Amino acid sequence: MTDQPHPQADPTAGEPQHDHDPDAAPAEGIIIDRSAHPISRRKIPENVLKVLYRLHRSGYRAYLCGGSVRDLLAGRTPKDFDIATDAHPAEVRRLFRNSRIIGRRFRLVHVIFQDQVVEVSTFRREPERADDAEDLLITDDNTFGSPLQDARRRDFTINALFYNIADFSVIDYVGGLEDMAAKRIRVIGDPDVRFREDPVRMMRAIEFASRLGFEIEPATYEGIVRHRNEILKASPPRVSEEILELLRRAWSRGAIQLAVDAGLLEPLLPEVYHSISDDRAPYFWKMLDVLDRTVQAGRKISDAVLLSVLFLPWIVAELEREEHRREGRMRIGEVIVFIRELIQPLCARMALAAGTRHQIEQTVETLWRLLEPPTEKRAMFRFIYRDPFNDALALLELYALSSGRYVEQFRQWQSFANRVHRSADEAAPEPKKRRRRRKS
Ligand code: ATP
Ligand code: MG
């Protein structure tokens with residue numbers, strides 16, 4: 001590793017500078033030569049390399065940035081490859097015929113290939129703010145900046161590393177490499193400021209910690225605990241998308257546990273929090289384990305099922321309470337009305353899309369119908385071809401395997417569905433025959 005501050009570059013410059021040598025080492029950054037880091041060009045898709053090289057040959061800085069550098073360093077496959085440059089959006093647009101400028105607030109360029117979109121954004125800095133500004137929430141972040149400023153406005157040190165196509169080095173302005181090595185999530189700058197600017201960062205800390213198996217370092221963790229209630233200031237659709245990210249990709253158990261421990265789940269979803277805290281629903285944690293194993297095995301679980309899993313202990317507890325109040329079991333029609341009225345306000349608060357809301361309602365309602373299978377085969381058939389059946393069966397599977405309840409009902413429905421699908425497959429005409437028939 002070499003520490004090479006560059007005398008010419010001005011780290012505080014507000015505008016990208018094109019009059020410098022774009023290959024030059026940046027100010028205040030640590031440069032790690034190609035020989036001292038594991039990122040190989042073979043791991044970078046050809047289209048991404050094309051964009052990087054063209055920017056570089058045209059005299060601009062061209063860095064791979066964000067999650068792709070982090071994941072390549074960790075030996076993981078990046079979800080996407082983002083590029084940061086000092087070329088302005090219009091300049092990038094001119095370089096690539098197959099590109100378009102997107103976004104009104106923050107303009108960036110999408111370079112479009114047949115099977116991939118490469119995102120190119122101009123180095124940005126945090127917006128200027130009056131020193132005594134009460135509300136730190138960022139509403140405008142469209143100011144161009146230097147590479148150093150661009151690194152500093154990012155969320156965590158491990159997300160602020162650059163890979164420079166000019167000499168295949170890694171540039172670290174914020175101590176990200178040290179935190180990568182120590183497996184630490186550290187917010188860049190002052191946690192009290194950065195979490196208030198954008199409370200969703202608190203959830204991202206939890207996501208990256210569970211996803212990478214990293215620790216959240218103490219000052220960052222304490223910042224989350226201190227500002228947990230500010231999560232309510234974040235935009236509900238962004239928060240709900242983050243909740244889904246916590247559930248979607250086989251790390252839900254660790255992530256939800258961490259969200260509970262750091263105090264984020266309580267302000268966010270108090271009803272869910274109170275139904276699972278103090279070990280009130282031990283099966284819930286097992287259900288997340290089963291969910292993670294299911295996702296790991298490659299099965300696709302819909303957003304409606306994921307959110308239903310999260311809501312289930314609360315729905316079960318509320319139903320039990322209601323039956324206790326009524327001093328008797330509720331009929332299925334009453335259960336359905338009760339569930340619908342229960343979850344509607346929560347779905348609205350989370351600003352879920354109307355389609356997702358509807359699917360959650362249908363999934364949960366069908367789950368309760370499946371708990372009392374009809375005795376007639378004909379009635380069972382009607383279920384199988386209804387839209388939420390597969391989702392409801394997936395939810396029943398997770399619930400039964402984790403709670404030990406309703407296992408018999410699950411087996412019965414599963415084997416019935418398998419039999420029906422198998423005989424439907426056998427009865428289906430060969431594709432060739434079907435084509436011939438349509439012609440005649
Ligand atoms: P993933 O692999 O999930 O895509 P990522 O780190 O690439 O992870 P993105 O949401 O794609 O995450 O964001 C790309 C980069 O933009 C991040 O690595 C980070 O540097 C920056 N970033 C994203 N969200 C924020 C935020 N809320 N505050 C500051 N910087 C952010
Ligand atoms: Mg990304």
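The values are calculated or read from the model by the stated rules, or taken from the named source; none is laboratory data. These figures come from a predicted structure and were not determined experimentally. Counting neighbours? That spans all protein chains shown, and the Cβs are built from the backbone with ideal geometry, glycine included.
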Checklist entry - Would a scan of the stretch 237-247 turn up a residue that is more than 15 Å from the chain's Cα centre (by Cα), in a helix (DSSP H, G or I), buried (at least 22 other Cβ atoms within 10 Å of the Cβ) and touching a residue at least 60 places away in the same chain (Cβ under 8 Å)? => result no
Checklist entry - Does Glu222 fit the bill of being at negative phi and more than 16 Å from ligand 2 (Cβ to nearest atom)? => result yes
Checklist entry - Within the set of pairs 6 or more residues apart or between chains, which connect a residue that is more than 14 Å from Val170 (Cα to Cα) inside the stretch 41-70 to a residue that is assigned to a helix (DSSP H, G or I) with Cβ atoms less than 7 Å apart? => result Lys43/Leu72; Leu49/Arg41; Arg54/Leu95; Leu55/Leu95; Ser58/Leu95
Checklist entry - Filtering the stretch 186-206 down to residues that are within 16 Å of ligand 2 (Cβ to nearest atom) and buried (at least 21 other Cβ atoms within 10 Å of the Cβ), which residue is farthest from Leu148 (Cα to Cα)? => result Met203
Checklist outcome for this item: Checked pairs for the stretch 152-163, first modelled with pLDDT of 95 or more, second part of a strand (DSSP E or B) and near ligand 1 (Cβ under 8 Å from one of its atoms), C-beta under 7 Å and 6 or more apart or across chains, list as Phe162/Cys65
Item to check | Residues (under 22 Å from Ala234 (Cβ atoms) and of a type outside the set (A, V, I, L, M)) located in the stretch 258-276 | outcome: Asp261, Gly263, Glu266, Pro267, Pro270, Glu271, Tyr273, His274
Checklist entry - Of all residues in the stretch 277-293, how many are over 18 Å from Val407 (Cα atoms) and assigned to a loop (DSSP other than H, G, I, E, B)? => result 1
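Across the stretch 319-346, what is the total count of residues that are of a type in the set (Gly, Ala, Ser) and part of a loop (DSSP other than H, G, I, E, B)?
The total comes to 1.
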Next on the checklist: Exactly one condition in (1) free of Cβ contacts under 8 Å to residues at least 40 places away in the same chain; (2) assigned to a helix (DSSP H, G or I) is false for Thr375; which is it?
Outcome noted: (2)
Checklist entry - Within the stretch 78-107, can you find the residues that are within 16 Å of ligand 1 (Cβ to nearest atom) and either buried (at least 19 other Cβ atoms within 10 Å of the Cβ) or touching a residue at least 24 places away in the same chain (Cβ under 8 Å) (or both)? => result Pro78, Asp80, Phe81, Asp82, Ile83, Ala84, Thr85, Arg105, Phe106, Arg107
Checklist entry - If you scan the stretch 255-306, which residues turn out to be small (Gly, Ala, Ser) and closer than 19 Å to Cys347 by Cα? => result Ser275, Ser302, Ala304
Checklist entry - Residue check: is Arg253 assigned to a helix (DSSP H, G or I), within 13 Å of ligand 1 (Cβ to nearest atom), surrounded by fewer than 23 Cβ atoms within 10 Å (Cβ to Cβ) and within 18 Å of the chain's Cα centre (by Cα)? => result no
Next on the checklist: Among the numbered criteria (1) crowded, with 19+ Cβ neighbours inside 10 Å; (2) closer than 19 Å to Leu246 by Cα, which one does Leu367 miss?
Outcome noted: (2)
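Could you list all residues from the stretch 141-162 that are in a loop (DSSP other than H, G, I, E, B), away from ligand 2 (no atom under 16 Å from the Cβ) and surrounded by 24 or more Cβ atoms within 10 Å (Cβ to Cβ)?
To start, the set of residues in the stretch 141-162 that are in a loop (DSSP other than H, G, I, E, B) comprises 141-142, 145-146, 153-155, 160-161.
With the extra rule that they be away from ligand 2 (no atom under 16 Å from the Cβ), the set shrinks to 141-142, 145-146.
Once the filter is applied, which keeps residues that are in a loop (DSSP other than H, G, I, E, B), away from ligand 2 (no atom under 16 Å from the Cβ) and surrounded by 24 or more Cβ atoms within 10 Å (Cβ to Cβ), the stretch 141-162 yields only Ser146.
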Next on the checklist: Please go through (1) buried (at least 21 other Cβ atoms within 10 Å of the Cβ); (2) more than 16 Å from ligand 2 (Cβ to nearest atom); (3) within 30 Å of Glu178 (Cα to Cα) for Arg228 and return the number of the only condition it doesn't satisfy.
Outcome noted: (1)
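Matching residues to (1) closer than 13 Å to Met203 by Cα; (2) touching a helix residue (DSSP H, G or I) at 6+ places or on another chain (Cβ under 7 Å):
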residue	(1), (2)
Ile243	yes, no
Ala259	yes, yes
Asp279	no, no
Tyr283	no, yes
Checklist outcome for this item: Reported set for the stretch 59-81 where residues are more than 10 Å from ligand 2 (Cβ to nearest atom) and not in a helix (DSSP H, G or I) is Gly59, Tyr60, Arg61, Ala62, Tyr63, Leu64, Ala74, Gly75, Arg76, Thr77
Item to check | Residue selected from the stretch 296-336 under the condition free of Cβ contacts under 8 Å to residues at least 12 places away in the same chain and of a type in the set (A, V, I, L, M, F, W, C), by the criterion surrounded by the most Cβ atoms within 10 Å (Cβ to Cβ) | outcome: Met330
Checklist entry - Is it true that some residue in the stretch 202-211 is part of a loop (DSSP other than H, G, I, E, B) and either modelled with pLDDT of 95 or more or in contact with an Asp or Glu (Cβ under 8 Å, 6 or more places away or on another chain) (or both)? => result no
Checklist entry - Going through the stretch 173-190 one residue at a time, which ones are within 13 Å of ligand 1 (Cβ to nearest atom), over 15 Å from Asp71 (Cβ atoms) and not in a loop (DSSP other than H, G, I, E, B)? => result Val187
